[in-house]
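Just so it is clear, none of the values below were taken in a lab; they were calculated from the coordinates. Computed from a prediction, not measured in an experiment: that's the story for all the values here. Using ideal geometry, Cβ is built from the backbone for each residue, glycine included, and neighbour counts are taken over all protein chains shown.
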Amino acid sequence: MRICHLSWEYPPVVYGGLGQHVFAVATEQARAGHEVVVISHVGIDVDDATATPQDEVIDGVRVIRVVRDAPYVPFDAETLLGWVAGLASAMARRGIELAREWKPDVVHAHDWLTAHAASELREVFEAPWVHTIHATEAGRHQGWLPGSLSRSIHSIEGWSARSADRVLVCSKHMQWEVDRLFSVSDAVVVPNGISAAAALVDADLRESVRQSYRTPLIVHTGRLEWEKGAHTLIEAMPRIRRTFPDAECVIAGRGSQEQSLRDLARRKRVASRVRFAGWLPDRELRALVAAADVAIVPSIYEPFGIVALEAAVVGTPVVAAKAGGLIEFLADDRHGWSFEAGDSRGLADAVCSSLADSRESARRAEAARRHVLDKHGWPSIAEKVVGEYVTATSKGNTRVEGIVDPVPHTDGNLLFDVQ
């Protein structure tokens, strides 16, 4: 097939799991013999007024990076909708230019930022629009829409979910969430995956990392945003240290909450035992996770939880919150140790249980590793995605456009109970 992905991020421009997901799927599709084009963006750190568009082939995938059209506004809450409007305009224009030489059989858009461009290019390409919802605004805010920006994003998500020819989600939890929020009951679950390279760890580097920290070593990786829950881990550290006085925690990642998390560590008097490693290259990140005695995934909101897979595949025991897609990974604690999201006492108790029973932790870690290797390989996931393209192409758009919103958009309304 000829496939066109629309994604606001694509490696090396990556801000979260979405970019890695699109990269893995697109690369596997190209490896399987499909013609794949990704239309993406040059990056939020680039000045769109002076930047140059890019067009290159990476691992068999043609990657077209656009420069946003005006308005040239910052990527922040006050101007985000204007920023996205400029992105959508540039993506659509570049797609129209592309149609003069090449037309895809399917347009695959990822999240709300690319929805308007996908809607326009569906008509230009005369191809079905498949839309992956990687997360929702209401989910990020625990079922609430706290302000006008959140309500705007929510409305775009609902419109795209109702307008696309096919909707994909990454977990059963997200399937429920999309149905609850947007009255879309036919979303198809296609889980996230992990590459074979994720299991490859430099043994010397792992040992070097191990020697750099006290033990037991507790590691958390991910974006430093509220919904990822690093604050819950820091709040748990005093209780963990009462049982394991030498415990040290390393937090790897970057995000808007870094300073707040550093301040929290000082208030909890654990600043000397909580290290902020910042962003790490994949090789160093894998070595850090592999060196850990336990990997923590404390998310308040988690559509899927790929960092749990990354820890499991290198054999590190996982302690994870019972949130969203992580519940499916945990499988009633067969693949790790669980706690209620946001419960620092529960997190501390789970970590202490894992550290105190190394034999049981190793057993669960091995079960998790086998599960990940068996169920989450990218080749089979990419093949399933192509199968959904075929279905969308054969059926055409039989879905009703627009949005049926079962809950009014008011500041005081809880759209769903995340528990």
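Only helices enter the 222 nm calculation for the chain: every DSSP H run of n ≥ 4 contributes -39,500 (n - 2.57), and dividing by all residues gives -13500 deg cm²/dmol, rounded to 500.
Cα convex hull, the stretch 215-275: 65 Å³ per residue, rounded to a whole number.
Label 7 Å along Cα→Cβ of THR79; the stretch 41-60 residues with amide nitrogen under 14 Å? Of the residues in the stretch 41-60, 44-50 have backbone N under 14 Å from the label point off THR79.
In sequence order, the stretch 305-322 has phi-based couplings of x, 5, 5, 5, 5, 5, 6, 4, 5, 9, x, 8, x, 10, 10, 9, 6, 7 Hz under the Karplus curve 6.51 cos²θ - 1.76 cosθ + 1.60, θ = phi - 60°, and Gly or Pro positions carry x.
Over all other residues within a Cβ to Cβ distance under 10 Å of ALA382, the charged ones net out to 0, with Lys and Arg as +1 and Asp and Glu as -1. When both bridge partners sit in the stretch 1-73, DSSP labels roughly 40% of those beta bridges antiparallel.
With charges set only on the Cβ (+1 for Lys and Arg, -1 for Asp and Glu), what does the dipole of the chain come to about its Cα centre, in debye to the nearest 20?
Computed charge dipole of the chain: roughly 1100 debye.
Among beta bridges from DSSP that stay inside the chain, the antiparallel ones total about 15%. Normalised by 2.2 N^0.38 Å, where N is the number of residues, the C-alpha radius of gyration of the stretch 1-91 stands at 1.10. Cross-link list LYS228/LYS322; LYS172/LYS395; LYS268/LYS322: which exceed 18 angstrom alpha carbon to alpha carbon? With Cα atoms farther than 18 Å apart: LYS172/LYS395; LYS268/LYS322. Cα-based radius of gyration for the stretch 196-375, normalised by 2.2 N^0.38 Å, reads 0.92. Here the residues ARG65, ARG254, ARG269, ranked from fewest to most Cβ neighbours within 10 Å of their Cβ, fall in the order ARG269, ARG254, ARG65.
Mean-square fluctuation check for the chain, GNM, Cα pairs under 10 Å: which of GLU101, GLU383, GLU137 is largest? The residue that fluctuates most here is GLU101.
Scaled against the 2.2 N^0.38 Å expected of a compact globular protein of N residues, the Cα radius of gyration of the stretch 5-151 reads 1.03. Computed 3J(HN,Hα) for the stretch 166-173, one whole-Hz value per residue from the Karplus formula 6.51 cos²θ - 1.76 cosθ + 1.60 where θ = phi - 60°, is 8, 10, 10, 9, 9, 7, 5, 4, glycine and proline marked x. In whole percents, the pair-distance distribution calculated for the stretch 4-56 from its alpha-carbon pairs, binned every 5 Å from zero, is 4, 20, 27, 23, 15, 7, 3, 1. Note on the chain: dipole from Cβ charges, positive end direction compared against GLY377, ALA308, GLY193; the farthest Cα belongs to ALA308. Taking a sphere under 9 Å around the Cβ of TYR301 and counting the other residues whose Cβ falls inside, with K and R at +1 and D and E at -1, yields a net charge of 0. Taking a sphere under 12 Å around the Cβ of LEU224 and counting the other residues whose Cβ falls inside, with K and R at +1 and D and E at -1, yields a net charge of +1.
The GNM of the chain, with springs linking C-alpha atoms under 10 angstrom apart, assigns the highest mean-square fluctuation among ALA323, ALA271, ALA161 to ALA271. Between ALA197 and LYS384, the contour length at 0.36 nm per residue exceeds the alpha carbon distance by 65.2 nm. Look at ARG359, ARG266 and count the other Cβ atoms within 10 Å of each Cβ; fewest to most, that gives ARG359, ARG266. The slack in the chain from SER212 to SER183, taken as 0.36 nm per residue of separation less the alpha-carbon distance, amounts to 5.3 nm. Note on the chain: Cα-Cα pairs beyond 37 Å make up 23% of the total pair count.
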